[in-house]
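See below for the structure under consideration.
The values are calculated or read from the model by the stated rules, or taken from the named source; none is laboratory data. Note that the structure is a prediction, hence the values are computed from the model and not measured. So basically every Cβ, Gly included, is an ideal-geometry build from the backbone, and we count neighbours across all protein chains shown.
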Amino acid sequence: MVFSSYLFIFFFLPLALLGYYVAPKKLRHLTLTLFSYFFYGWANPYFCLLMLFNTAVDYTNGRLMERFPARKKLFVTLSIVCDLAILGFFKYFNFGVENYNALMSAMGIPEAQFTGFFRIVLPLGISFYTFQSMSYVIDVYRGDAAVVRNFIDYACYVSMFPQLVAGPIIRFQEIADQLRSRTLTLEKFTRGTAFFMLGMGKKILLANPCGKIADTAFGAGTLNTLDAWFGAAAYAFQIYFDFSGYSDMAIGLGLMLGFVFAKNFDSPYKSLSITEFWRKWHISLSTWLKDYLYIPLGGNRKGEIRTYINLALVMLLGGLWHGASWNFLIWGGIHGGALAFERAQGKESIYRGLPKAARLIITFFLVTVAWVFFRADDLPSAGRYLACMFGGFSGDGHASVARGLIYSPYCLTCFLLAGACVWGLPQSWDFTRKLTWGKLFWCIAVFLLALAALTTQSYNPFIYFIF
């Protein structure tokens, strides 16, 4: 079940809100947890058992850390090992077997290949709720959060449907007080509704049309240079509006339930360096990696060389978190290398002396090139597409067909509108901070237009569902 569907908007969401608001205060977490498990199990009920097991393991180890403080290092280690083992098995087993078999074949010993393995289905949202659950046990171990004694409260935190499948990654210390007490106000509900409407518009009216351009370009085989850049820029717009749209909808749904989630995007394509980009893109992930990986590795406290290694390593792991593929590792490596290089320049890009507009363009250029590895199906496909972008191919008959599709009036209009929204309009967080009747009118108009456009789109999952 996806947010941008009639099933969710007209059936699940009204029932969930009604059940939540009419439930007695003491039963609201239970009600929300049951609805969240129903939401998550819609695609595959067996996934609920895995999430329940993960929840039980971390909850139990949290209680054990409280009861046996002298052994809390043992319990936090058990919890993290279990979480990472589950995540590693479901996310990287197939990747590991494929690369092992390729290595055995290259070495001329095909009989050593692992031929009888089964394909592992990746549970939706496992990367997000695993990181959330890990943040709880780590925060308890560090003394940054109190132990949750009520299992339902903790299960509600892990499974909350607004951010369950694709984030933001809500760290426990950010929401602990709200789990104990929060207010349900008309102001919160109204702002949440506006957030949801704008997120819906981003997804349906901008991300999906730009996705059509990107799918056509990346599926064409060969393209001329201009067309390849157009397709890559369209994907940059698609993934931004797709993911920030989901985040807006998740934040909005949280507000409807009385929860205040942190901002997850802060106009990242207005960044003037890669360092700034990662302060503004997927903020919940970048701060999680900083606090739970970069700083424990030593951060910048162990000398310059170690700092550069830590930056590169964290981004490599961040790339691998996105998916079991060499493409994601390379994407993480590009950003890690850029961050390390800028760190050597004093956290400033090498083009810091250029005008602001030039720095913005160059940063977007670098980010867009890196997105090719994120979008391409495999490494050879990424190589071919980059060759097209930098003049390695001139295109063929398929390129002519693709050109006719991606430059249609509809696609061009949506692409230009996406660019105008990226660089010319305020972000949803600021737009909804103080709502007026005029702003509400625009939110409703965008939402109704998105609902109308949804009738022509049979399948529109969010990109980050696969991570």
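In the range 62-108, how many are assigned to a loop (DSSP other than H, G, I, E, B) and either under 27 Å from Phe328 (Cα atoms) or in contact with a Pro (Cβ under 7 Å, 6 or more places away or on another chain) (or both)? Break it down stepwise before answering.
If we filter the range 62-108 for residues that are assigned to a loop (DSSP other than H, G, I, E, B), which is where we start, we get 68, 107-108.
Next, from what is left, pick out any that are either under 27 Å from Phe328 (Cα atoms) or in contact with a Pro (Cβ under 7 Å, 6 or more places away or on another chain) (or both): 107.
Adding up the residues that qualify gives 1.
Do any helices (runs of 4 or more DSSP H) entirely within the range 355-441 hold 2 or more residues that are more than 28 Å from the chain's Cα centre (by Cα) and surrounded by 16 or more Cβ atoms within 10 Å (Cβ to Cβ), and if so, which? Give the steps one after another, and end with the answer.
Values: elements: 356-375, 379-389, 397-406, 409-424, 428-431.
Correct list: 397-406.
For the range 232-251, check the following and say yes or no: at least one residue is closer than 16 Å to Gln178 by Cβ and out of contact with any Asp or Glu (no Cβ under 7 Å at 6 or more places or on another chain). Before you say what the answer is, go through the steps one by one.
Just the residues of the range 232-251 that are closer than 16 Å to Gln178 by Cβ, to begin with: 250-251.
Adding the requirement that they be out of contact with any Asp or Glu (no Cβ under 7 Å at 6 or more places or on another chain) leaves 250-251.
For the range 232-251, residues closer than 16 Å to Gln178 by Cβ and out of contact with any Asp or Glu (no Cβ under 7 Å at 6 or more places or on another chain): present.
For the range 270-290, name all the residues that are buried (at least 18 other Cβ atoms within 10 Å of the Cβ), over 17 Å from Gly336 (Cβ atoms) and out of contact with any Ser or Thr (no Cβ under 8 Å at 6 or more places or on another chain).
Scanning the range 270-290 gives Ile283, Ser284.
Being of a type outside the set (Asp, Glu), over 18 Å from Leu30 (Cα atoms) and surrounded by fewer than 23 Cβ atoms within 10 Å (Cβ to Cβ) is the filter here, so list the residues in the range 153-183 that pass it.
Gln173
Taking the condition of being part of a helix (DSSP H, G or I) and surrounded by 15 or more Cβ atoms within 10 Å (Cβ to Cβ), how many residues in the range 34-51 meet it?
Narrowing the range 34-51 to residues part of a helix (DSSP H, G or I): 34-41, 46-51.
If we keep only those that are surrounded by 15 or more Cβ atoms within 10 Å (Cβ to Cβ) too, we end up with 34-41, 47-48, 50-51.
Looking only at that region, the number is 12.
Conditions: (1) among the aromatic types (Phe, Trp, Tyr); (2) closer than 11 Å to Ala418 by Cα; (3) out of contact with any helix residue (DSSP H, G or I) (no Cβ under 6 Å at 6 or more places or on another chain). Tyr246 meets all but one. Number of the miss?
(2)
Name the residue, out of Arg352, Arg343, that is outside any helix (DSSP H, G or I), out of contact with any strand residue (DSSP E or B) (no Cβ under 6 Å at 6 or more places or on another chain), of a type in the set (Lys, Arg) and more than 30 Å from Gly143 (Cα to Cα). First the steps, then the outcome.
Details: Arg343 fails: outside any helix (DSSP H, G or I).
Only one candidate passes the filter, namely Arg352.
Sort out for me the helices (runs of 4 or more DSSP H) sitting completely within the range 109-195 that have 1 or more residues that are among the basic types (Lys, Arg). Lay out the reasoning, then the answer.
Working: elements: 126-142, 151-159, 161-164, 172-180.
Helices (runs of 4 or more DSSP H) meeting the threshold: 126-142, 172-180.
Being in a helix (DSSP H, G or I), within 22 Å of Arg384 (Cβ to Cβ) and not aliphatic (A, V, I, L, M) is the filter here; which residues of the range 196-236 pass it? Walk me through how you get there before you give the answer.
From the range 196-236, those in a helix (DSSP H, G or I) are 196-218, 225-236; that's our starting set.
Restricting the remaining residues to those that are within 22 Å of Arg384 (Cβ to Cβ) gives 210-218, 225-236.
Cys210, Gly211, Lys212, Asp215, Thr216, Phe218, Thr225, Asp227, Trp229, Phe230, Gly231, Tyr235, listed by residue number.
Sort out which residues of the range 106-142 are surrounded by fewer than 14 Cβ atoms within 10 Å (Cβ to Cβ), among the small types (Gly, Ala, Ser) and either under 19 Å from Gly323 (Cβ atoms) or touching a helix residue (DSSP H, G or I) at 6+ places or on another chain (Cβ under 9 Å) (or both), and write them in order of number.
Ala112
Output yes when any residue across the range 69-76 is over 21 Å from Phe151 (Cβ atoms), in the same structural domain as Leu164 (by TED's automatic domain parsing), surrounded by 17 or more Cβ atoms within 10 Å (Cβ to Cβ) and free of Cβ contacts under 8 Å to residues at least 24 places away in the same chain, and no when none is.
Within the range 69-76 (the criterion being over 21 Å from Phe151 (Cβ atoms), in the same structural domain as Leu164 (by TED's automatic domain parsing), surrounded by 17 or more Cβ atoms within 10 Å (Cβ to Cβ) and free of Cβ contacts under 8 Å to residues at least 24 places away in the same chain), the answer is no, since none of the residues qualifies.
Yes or no, residue by residue, for (1) more than 20 Å from the chain's Cα centre (by Cα); (2) of a type in the set (S, T, N, Q); (3) closer than 30 Å to Leu412 by Cβ:
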| position | (1), (2), (3) |
| --- | --- |
| Gln178 | yes, yes, no |
| Gly201 | no, no, yes |
| Leu205 | no, no, yes |
| Asp215 | no, no, yes |
| Ala234 | no, no, yes |
| Leu253 | no, no, no |
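Would you mind finding the one in Ser133, Ser127, Ser105 that is farther than 30 Å from Lys290 by Cβ and of a type outside the set (Asp, Glu)? Full working, then the answer.
On the way: Ser133 fails: farther than 30 Å from Lys290 by Cβ; Ser127 fails: farther than 30 Å from Lys290 by Cβ.
Only one candidate passes the filter, namely Ser105.
Quick one: which residue in Ala85, Ala145, Ala106 is modelled with pLDDT of 85 or more and farther than 30 Å from Pro45 by Cβ?
Values: Ala85 fails: farther than 30 Å from Pro45 by Cβ; Ala106 fails: modelled with pLDDT of 85 or more.
Result of the check over Ala85, Ala145, Ala106: Ala145.
Table: residues versus (1) among the aromatic types (Phe, Trp, Tyr); (2) touching a Pro at 6+ places or on another chain (Cβ under 8 Å); (3) closer than 23 Å to Thr130 by Cα; (4) not assigned by TED's automatic domain parsing to the domain that holds Gln163.
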position: Ser284; (1), (2), (3), (4): no, yes, yes, yes
position: Leu293; (1), (2), (3), (4): no, no, yes, yes
position: Pro296; (1), (2), (3), (4): no, no, yes, yes
position: Lys302; (1), (2), (3), (4): no, no, no, yes
position: Met315; (1), (2), (3), (4): no, no, yes, yes
position: Gly319; (1), (2), (3), (4): no, no, yes, yes
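Anything in the range 291-330 that is aromatic (Phe, Trp, Tyr), farther than 30 Å from Val121 by Cβ and either under 20 Å from the mean Cα position of the chain (by Cα) or crowded, with 20+ Cβ neighbours inside 10 Å (or both)? List them, or say none.
Narrowing the range 291-330 to residues aromatic (Phe, Trp, Tyr): 292, 294, 308, 321, 326, 328.
Filter once more, so that each one left must be farther than 30 Å from Val121 by Cβ: 294, 308.
Residue satisfying the conditions is Tyr294 alone.
Just one of Phe241, Phe237, Phe218 is at pLDDT below 95 and aromatic (Phe, Trp, Tyr); which is it? First the steps, then the outcome.
Values: Phe241 fails: at pLDDT below 95; Phe237 fails: at pLDDT below 95.
That would be Phe218, the only listed residue that is at pLDDT below 95 and aromatic (Phe, Trp, Tyr).
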